[in-house]
1. Kindly provide the set of residues from region B:61-75 that are facing chain A (nearest Cβ under 7 Å) and either over 23 Å from B:ARG12 (Cα atoms) or open to solvent by less than 30 Å² (accessible area, probe 1.4 Å) (or both), ordered by number.
2. Considering only residues that are modelled with pLDDT of 90 or more and outside any helix (DSSP H, G or I), which ones fall in region A:55-75?
3. A:LEU104 passes all but one of (1) in contact with a Ser or Thr (Cβ under 9 Å, 6 or more places away or on another chain); (2) closer than 26 Å to B:ALA36 by Cβ; which number fails?
4. Could you list all residues from region B:25-60 that are within 14 Å of the chain's Cα centre (by Cα), facing another protein chain (nearest Cβ under 7 Å) and not aliphatic (A, V, I, L, M)?
5. Taking A:ALA114 as meeting all but one of (1) in contact (Cβ under 8 Å) with a residue 24 or more places away in the chain; (2) surrounded by fewer than 19 Cβ atoms within 10 Å (Cβ to Cβ), write down the number of the exception.
6. Residue under question is A:PRO96, and the condition is that it be free of Cβ contacts under 8 Å to residues at least 60 places away in the same chain and either touching a Gly at 6+ places or on another chain (Cβ under 7 Å) or of a type outside the set (Gly, Ala, Ser) (or both); does it hold?
Amino acid sequence: MTSPDPDRLIVPPDGRSHSEQPRWRQDFPIDWPQDNYVSRRDFTKFMVLTSLAFTVGQVGILFQNFLRRRRGELPIQEVVGVAEIPVGGTHVFNYPDAHTPRILVRLDESTFVAYEQQCTHLACPVIPQPETGHLHCPCHEGLFDLRTGQPLAGPPRRPLARVRLEVRADKIYAAGLEEALT
Amino acid sequence: MRGRSRFARKQRMTIVMGILSLVMIIVILQLWLLTASMNAYLGGDESVLIPAALVSLVCLGLNAGLLWYLYGLER
């Protein structure tokens, strides 16, 4: 008598022999090791699809970067008159489009800085505090340096995007964004 | 009739577990790569984007190869 091929055996979940199984399982046997094998193989397939999704996301970032570079230089836009903003005063404006708020702060008689108004953590509006030299994000207590836009405390890790400013004939103009110093 | 695999069932189970572990490690690496690239993109640092995309493509190729091998076991 030859022993049965172990690969052809149907193994029930409790490992007992076929004749010891309840009647319903004898009628509809489930091969447990094969079931485990197929479920792990399918999970592996799902993980490979996840890998594909991550790669698509990665290529998407690359494509977005390409589009950003193609847009080229930002336009020059008048922001506000020098006389309209006192030392320590602030002015909110949109640049380069109508949906991107920026905040301008006059640090002293001749120094102006402007940053994006959204915190780099979760996009809450930042509040300038010229008396302490900080920009404060009230949502998660983030702090940025008012002179450089670099994060000082709290959850933000990236600096605020800084707007390049030019002063011509007593008017302040936004003339592009400065390279981030990460 | 189903053809015989060159590996026994128990061996195939070990192989699928090994491959699954490798795929999981690679996918976690890709997730880290994606978040780091997004952070760099938003921070204006463009230098890492192309290498990161290439590494991610290589990881996908590795994963696809491992899955291909897994399905090949049953042929």
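The values are calculated or read from the model by the stated rules, or taken from the named source; none is laboratory data. The shown structure was predicted, so the numbers you read here are calculated from the model rather than taken from an experiment. Heads up, the Cβs are rebuilt from the backbone with ideal geometry, glycines too, and the neighbour counts pull from every protein chain shown. For accessibility, only protein heavy atoms count, side chains too; no ligands or nucleic acids. Shrake-Rupley method; radii C 1.70, N 1.55, O 1.52, S 1.80 Å.
1. B:ASN63, B:LEU67, B:LEU70
2. none
3. For A:LEU104, the failing item is (2).
4. Across region B:25-60, the qualifying residues are B:GLN30, B:SER56, B:CYS59.
5. That leaves (2) as the condition not met.
6. Answer is no for this residue.
Yes or no, residue by residue, for (1) open to solvent by less than 60 Å² (accessible area, probe 1.4 Å); (2) without any contact (Cβ under 8 Å) to a residue 12 or more places away in the chain:
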position: B:THR14; (1), (2): no, yes
position: B:THR35; (1), (2): no, yes
position: B:GLY43; (1), (2): yes, yes
position: B:ALA52; (1), (2): yes, no
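Let's see how each residue does on (1) in contact (Cβ under 8 Å) with a residue 24 or more places away in the chain; (2) basic (Lys, Arg); (3) more than 23 Å from B:GLU46 (Cα to Cα):
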position	(1), (2), (3)
A:ASP108	no, no, yes
A:CYS137	no, no, yes
A:THR148	yes, no, no
A:LEU165	yes, no, yes
